[in-house]
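The values are calculated or read from the model by the stated rules, or taken from the named source; none is laboratory data. It should be emphasised that the depicted structure is a prediction, and the values quoted were computed from it without experimental measurement. Glycine also receives a Cβ, built like all others from the backbone with ideal geometry; neighbour counts cover every protein chain displayed.
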Number of protein chains: 2
Amino acid sequence: MRAVVAQPAPDRPRILGDASRPTPSTGRPRDVIAALAETARAALDEVGRPLHDVVAAGCAAPGPLDHRTGRVHVAPNIPGFREVALADELSAALEGIPVFVDRDTVIAAIGEGLAGAARGQRDYVYVTVSTGVGAGIVSGGRILRGASNTAGEVGHWPIALAGPRCGCGSYGCVESFAGGRNLAEQFGSVEASDVFRAERAGDPRARELVRNAEAALEALAIGLVNVLNPARIVVGGGIAEHEPDHVLVPMRRGVRERAFAVASSACEIVASGLGADVGMVGAVIAAQQRAAGAGEWLG
Amino acid sequence: MRAVVAQPAPDRPRILGDASRPTPSTGRPRDVIAALAETARAALDEVGRPLHDVVAAGCAAPGPLDHRTGRVHVAPNIPGFREVALADELSAALEGIPVFVDRDTVIAAIGEGLAGAARGQRDYVYVTVSTGVGAGIVSGGRILRGASNTAGEVGHWPIALAGPRCGCGSYGCVESFAGGRNLAEQFGSVEASDVFRAERAGDPRARELVRNAEAALEALAIGLVNVLNPARIVVGGGIAEHEPDHVLVPMRRGVRERAFAVASSACEIVASGLGADVGMVGAVIAAQQRAAGAGEWLG
């Protein structure tokens, strides 16, 4: 987990303090929230500013959650973290400063839309290809939320009629082929980077896994273009950043060769403009907008 | 092609006159437009009312089009029908009455949302399973249009990494497995109903095709629920109407068993409330709303 302290600035919020901590291995909500608060305090200490100088805090969390209430339904990679009132409890742990929680991919979409690679766009998708695969969707200038605020789980659109089991309980999902955790598990390594390294060294099993991951991302990009007709797909996340030839290149090729011409020519597929800071910059902007009562487009 | 004359009514527009004509086999834009105008006049003749009594006309067309200008980019099933100013030309053929063109699936979504099975919903998808597979998506009370107004082509989300060629030029699309035209072609019959009849008679090839079509529709439903989180998926079209056990049943089962729990429990998958009239009722409502300057949700 990471926390920053930032100040408004014309182009993008300026990060003043920055702190990181490992997620507590117990995964217990109480421990996770205490660690989050501790990380935030460490970032403030770095700047030498007290907690009561903070106007608002934004918090990016994974998995299905309700951004209005700040309740996390499930955090897929933290077993036991279910139905947690994250915004309220984190606020309580931080002397009552307002805390706004939103999904990590939505926060990233907000960051890219207001200060990154989708600036000025009204129809775009932020896709992360990292441990998992997910998205924040903006349509007609609004975050696409859905009926219970869980829209955007593009990693769990099935793109194969059979295929590997996914952490979500289904199979054949984009993420089951292209998510870093699944890639590493299927290869029997610790990190997805091991798979890409082995692929470069000519390992045939790694090559097949990478080829399938590329095909899954190609299918995802085609689907997004045909179904949502975005002007931009911004692709971030560790795997996209380190392996663009296995992520952006197949996505672009797929759309060019297989999507509807009108939709394809309307869409540019680009790398994240905020890179590793996308979650932090997005959280700062989201907190700023929601604290100011603005950000109606946030839904 | 079909045309109706309708009058506003509290529950849903009341259809007074109704006429049908075959689509001209030449497929030439001029012939198609002349036949459309002729069909509209025939429906009016049935009621004994002159053209100048008509306040506005709505026209549902397939394929990528721009609903604001009324220009059809491509009509996938009418070769040669490309870049046609359908609204303007049809209006000219009908003594200048205002004509509003929109995609068939969007028109159906409008109909189902205001007078059918999605009444009162703000997040829903109308899916048609017929000759082709497509959708109209409503998100947060607005039609999801996309950057160039072609959003909703859910039939062309790839759900298999390989698979049959699709009419769109891609492969592995939902439609390539579950669209009636593709089903019949792969079986070597004229109509998709032949495939379902053979499946019931125990034909193993038909059984495999139908099983794949079900799997494709299951994947589609799971994807829609995970990505868009709709409160309702309304399923219409000839195949859905005649073969609900092969369409609605697998879609419901897939979502129940494989989609995210929060999103799945928020979503009901139901049959079209307007059935074979969905396009006509939707076109009447769309024309009514747009002629009145309302219908901002139509985008």
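Tabulated data
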quantity	calculated
The range A:12-23, residues that are charged (D, E, K, R) and farther than 14 Å from residue A:278 by Cα	A:21
Unmet criterion (only one of (1) of a type in the set (Ser, Thr, Tyr); (2) under 23 Å from residue A:218 (Cα atoms); (3) surrounded by fewer than 24 Cβ atoms within 10 Å (Cβ to Cβ)) for residue A:128	(3)
Failed criterion for residue B:240 (all others in (1) closer than 18 Å to residue B:133 by Cα; (2) outside any helix (DSSP H, G or I) hold)	(2)
Residue ID - nearest to the other protein chains (Cβ to nearest Cβ), chosen from residues in the range A:230-243 that are within 15 Å of residue A:178 (Cα to Cα), buried (at least 24 other Cβ atoms within 10 Å of the Cβ) and not small (Gly, Ala, Ser)	A:235
Criterion (in contact with a Pro (Cβ under 6 Å, 6 or more places away or on another chain) and free of Cβ contacts under 8 Å to residues at least 40 places away in the same chain) met by exactly one of B:35, B:19	B:35
Residues of the range A:65-101 that turn out to be of a type in the set (Asp, Glu) and at pLDDT below 95, as a count	2
Only one of B:69, B:23 that is within 14 Å of chain A (Cβ to nearest Cβ) and among the hydroxyl-bearing types (Ser, Thr, Tyr)	B:69
Residue among A:32, A:55 that is surrounded by fewer than 14 Cβ atoms within 10 Å (Cβ to Cβ), in the same structural domain as residue A:80 (by TED's automatic domain parsing), outside any strand (DSSP E or B) and of a type in the set (A, V, I, L, M)	A:55
Members of the range B:272-299 that are under 27 Å from residue B:192 (Cβ atoms) and either free of Cβ contacts under 8 Å to residues at least 12 places away in the same chain or surrounded by fewer than 16 Cβ atoms within 10 Å (Cβ to Cβ) (or both)	B:275, B:276
The range B:131-153, residues that are surrounded by fewer than 24 Cβ atoms within 10 Å (Cβ to Cβ) and of a type in the set (S, T, N, Q)	B:131, B:148
Filter result (surrounded by 23 or more Cβ atoms within 10 Å (Cβ to Cβ) and either at pLDDT below 95 or in contact with a strand residue (DSSP E or B) (Cβ under 9 Å, 6 or more places away or on another chain) (or both)) within the range B:244-262	B:247, B:251, B:254, B:255, B:258, B:260
Some residue of the range B:80-100 being within 15 Å of the chain's Cα centre (by Cα) and either among the aliphatic types (A, V, I, L, M) or under 25 Å from residue A:173 (Cβ atoms) (or both)	no
Residue pairs meeting the criteria (Cβ under 8 Å; at least 6 apart or on separate chains; first aliphatic (A, V, I, L, M), in the range B:74-86; second surrounded by fewer than 14 Cβ atoms within 10 Å (Cβ to Cβ) and in a loop (DSSP other than H, G, I, E, B))	B:85/B:69
Residues within the range A:253-299 that are assigned to a strand (DSSP E or B) and among the small types (Gly, Ala, Ser), tallied	1
Residue within the range B:217-229 that is facing chain A (nearest Cβ under 9 Å), outside any helix (DSSP H, G or I) and either over 23 Å from the mean Cα position of the chain (by Cα) or surrounded by 24 or more Cβ atoms within 10 Å (Cβ to Cβ) (or both) present	yes
The range B:254-299, residues that are of a type in the set (Asp, Glu) and either within 30 Å of residue B:57 (Cα to Cα) or out of contact with any Lys or Arg (no Cβ under 6 Å at 6 or more places or on another chain) (or both)	B:257, B:277, B:296
Count of residues meeting criterion [away from chain B (no Cβ under 14 Å) and in a helix (DSSP H, G or I)] in the range A:72-105	9
When residues of the range B:207-216 are limited to those that are crowded, with 23+ Cβ neighbours inside 10 Å and either closer than 26 Å to residue B:151 by Cβ or not hydrophobic (A, V, I, L, M, F, W, C) (or both), the one nearest to the other protein chains (Cβ to nearest Cβ)	B:216
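Residues checked against (1) closer than 18 Å to residue A:75 by Cβ; (2) in contact with an Asp or Glu (Cβ under 9 Å, 6 or more places away or on another chain); (3) in the same structural domain as residue A:90 (by TED's automatic domain parsing); (4) hydrophobic (A, V, I, L, M, F, W, C):
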position: A:10; (1), (2), (3), (4): no, no, yes, no
position: A:13; (1), (2), (3), (4): no, no, yes, no
position: A:16; (1), (2), (3), (4): no, yes, yes, yes
position: A:24; (1), (2), (3), (4): yes, yes, yes, no
position: A:28; (1), (2), (3), (4): yes, no, yes, no
position: A:41; (1), (2), (3), (4): no, no, yes, no
